[in-house]
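Undergrad: Take this structure first; my questions come after.
The values are calculated or read from the model by the stated rules, or taken from the named source; none is laboratory data. Worth saying up front: this structure is predicted, and the values here are computed from it rather than measured. Positions of Cβ are backbone-derived with ideal geometry, glycine not excepted, and every protein chain shown enters the neighbour counts. Ligands, DNA and RNA are excluded from the accessible area calculation, which covers all protein heavy atoms including side chains. Shrake-Rupley method; radii C 1.70, N 1.55, O 1.52, S 1.80 Å.
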Amino acid sequence: MPHIEHTQSEWVSAVVQAVHGVLPSRDFIPLHEPEFAGNEWQYVKECLDTGWVSSVGKYVDRFEQALAEYTGSPYAVVTVNGTAALHMALLLAGVGRDDEVLVPALSFVATANAVSYLGAVPHFVDSDSRTLGVDPQALRLYLERIADYRHGQLINSLTGRRIAALVPMHVFGHPADLQGLLQLAQDFGLPLVEDAAESLGSRYQQRHTGTFGLLGALSFNGNKVMTTGGGGAILTADPVLAARAKHLTTTAKLPHAWAFQHDEVAWNYRMPNLNAALGCAQLERLPDMLQRKRALAACYQAALADVEGVRLLTEPADCHSNYWLNAIMLTSPQRELRDALLQALNAAGLMSRPAWTLLNQLPMYQHCPAAPLPQAQRIEDALINIPSSPALLAAGG
Ligand SMILES: *Cc1c(COP(=O)(O)O)cnc(C)c1O
């Protein structure tokens, strides 16, 4: 909390000033802007010049190979967006109608929507205030209390439904406690599917996020660390799952020179060549963009070090974060203080946003099962995202 002798408005001004001091002086600074400063124009132009904009062209294969190499995932299958990647990953992990899937309440709505697309039910769980990701200790105690085994399956004894998977999310690029979560998943016989939509470039103990679970999903939406306009990818080490992912995202069409033969109901979730071309160019520049994002985070951390009552959220121990979105945390979470700060930051032209409304509060998910969520609620009351584009440091000097 601020000094007793300071008024709230003096404290708010001090925080705004600290953030402002890091950034270039402009009327308005968005939360996260893409940066196209390499081969983007050239590769996209080539698609336009040759006419290969859609479902045929070399960039899709090239982007998949480059992603596999960058993440260390044996296979990467690109999709139209990250939500589609997560939908397919859950399907491939065996999630089906009337199953429950453990997902963090503190996430973007896509995490729960992908579960719903399969006729399954999201079951919301609490987060850890250090990582912002699913808290494996709290989840273990919760499952021991509410779940039991029937015929070798983990069943929610309150609803009678099977619990079919666990989906951790790496919030704002900070890796969740993957070691704890993997152990938990193993102990309860649950497949782990990572929502790594926000964590391209983030590593946990040297290994890329999204490669720990049976499957992982990435996003290349316009606001993420790199973009394809819209796009996503499924990561897996399993060649059978990778082949199924390709098949299911390409209308289950059997390869043939001219015949239309499809062997199951499937999806048109393939990433167009145009988007993959953009992705190839963006990925070439990702290390450079991430380096500047880290430098920006270090500047914020230094600027906020002397301001009481707030701190910058930093990467968990043993982790290398992509610092997708920098987050200020109030040391004593308080909704009113958070909103006063959000108001002042936005009024100063520094685009800032709260965390997502907890998913169990949204109308379509209010009736879904949920664990007690004390930490997620505290995080929601404490957190503010501040401008985080890679170009901010280069432009600001
Ligand atoms: C961005 C994001 C997704 C996927 O989003 P798309 O816009 O469909 O690419 C999924 N989960 C989380 C947590 C995200 O932030």
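Undergrad: Starting from a Cα-only point model with no solvent, please compute log10 I(q)/I(0) by Debye for segment 61-164 at q = 0.19 1/Å.
TA: Log-scaled intensity ratios, in q order: -1.04.
Undergrad: Between Arg130 and Ala347, what is the FRET efficiency for a Förster distance of 41 Å, r being their Cβ-Cβ separation, to the nearest 0.05?
TA: Details: r = 31 Å, r/R0 = 0.76.
Using R0 = 41 Å, I get an efficiency of 0.85.
Undergrad: Please return the longest range in the chain lying between exposed loop sites, taking chymotrypsin sites (Phe, Trp or Tyr not before Pro), DSSP loop only, at most 11 other beta-carbon atoms within 10 Å, and leaving the sites out.
TA: By the stated rule (loop sites, at most 11 other Cβ atoms within 10 Å), 29-257.
Undergrad: Lysine pairs in the chain with Cα distance under 21 Å, only those 8 or more apart or on different chains: how many are there?
TA: So the count of such lysine pairs works out to 4.
Undergrad: In segment 219-324, what is the volume of the convex hull around the alpha carbon atoms, normalised per residue and reported in Å³? If you can, show how the numbers build up before the last one.
TA: Numbers: hull volume 16.5 nm³, N = 106.
Convex hull volume per residue, Cα atoms: 156 Å³.
Undergrad: On to the next question. 5 Å is the cut-off here: which amide hydrogens, built 1.01 Å from N in the peptide plane, fall below it relative to Ser107, excluding neighbours closer than 5 in sequence?
TA: Leu359
Undergrad: Next question. Can you tell me the dipole magnitude for segment 5-85 around its Cα centre, using point charges on the Cβ only (Lys, Arg +1; Asp, Glu -1), in Debye to the nearest 20?
TA: 240 debye
Undergrad: Moving to a separate point now. Expressed as a fraction of 2.2 N^0.38 Å, the rule-of-thumb size for a compact globular protein of N residues, what is the C-alpha radius of gyration of the chain?
TA: 1.01
Undergrad: I'd like to check one number: the per residue accessible area of the chain, probe 1.4 Å, reported in Å² as a whole number.
TA: Computed with neighbouring chains in place, this is 42 Å² per residue.
Undergrad: What ³J(HN,Hα) values, in whole Hz, does the Karplus curve 6.51 cos²θ - 1.76 cosθ + 1.60 give for segment 209-225 when θ = phi - 60°, with x put for Gly and Pro?
TA: 4, x, 10, 8, x, 4, 9, x, 10, 10, 10, 10, 4, x, 9, 7, 4
Undergrad: What helices in the chain pass both tests, a Cα length along the helix axis of 27 Å or more and a mean Kyte hydropathy of -1.0 or higher, using whole DSSP H runs?
TA: For the chain, where a helix must reach 27 Å along its axis and average at least -1.0, the hits are 273-304.
Undergrad: What part of the accessible area of segment 192-306, given as a whole %, is carbon or sulfur when the probe is 1.4 angstrom?
TA: 57 percent
Undergrad: Computing the accessible area with a 1.4 Å probe over protein heavy atoms, can you report the carbon and sulfur percentage for segment 35-74?
TA: 57 percent
Undergrad: Tell me, which longest segment in the chain has none of the GluC sites (Glu not before Pro) that fall in DSSP loops with at most 16 further Cβ atoms within 10 Å?
TA: That gives 6-263 as the longest site-free run.
Undergrad: Also, quick follow-up: Of Pro287, Leu304, Ser219, whose Cα points farthest to the positive end of the dipole of the chain (charges on the beta-carbon: +1 Lys, Arg; -1 Asp, Glu; origin at the Cα centre)?
TA: The Cα lying farthest towards the positive end belongs to Ser219.
Undergrad: Taking 25 °C and 0.890 mPa s as the conditions, I'd like the Stokes-Einstein D for segment 132-255 in µm²/s, using the Kirkwood hydrodynamic radius from alpha carbon pairs.
TA: My calculation gives 155 µm²/s for D.
Undergrad: Let me ask something additional. If you put +1 on each Lys and Arg Cβ and -1 on each Asp and Glu Cβ, how big is the dipole of the chain around its Cα centre, in Debye rounded to 20?
TA: So the dipole magnitude of the chain works out to roughly 560 debye.
Undergrad: To continue, here is another question. Contact order normalised by length for the chain, with contacts defined as Cα pairs under 8 Å and 6 or more residues apart; what percent is it?
TA: On the way: 878 pairs, mean separation 102.7, N = 397.
This gives 26 percent for the chain.
Undergrad: Kindly give Rg over Rh for segment 252-397, based on alpha-carbon atoms, with the Kirkwood expression for the hydrodynamic radius.
TA: 1.12
Undergrad: Still on this model: Could you let me know the centre-to-centre spacing of segment 88-129 and segment 323-397, using Cα atoms, in angstrom?
TA: 22 Å
Undergrad: Charges at C-beta only: +1 for Lys and Arg, -1 for Asp and Glu. How large is the resulting dipole of segment 327-386 about its Cα centre, in Debye rounded to 20?
TA: Details: 4 positive and 4 negative charges, 14 e Å.
About 60 debye.
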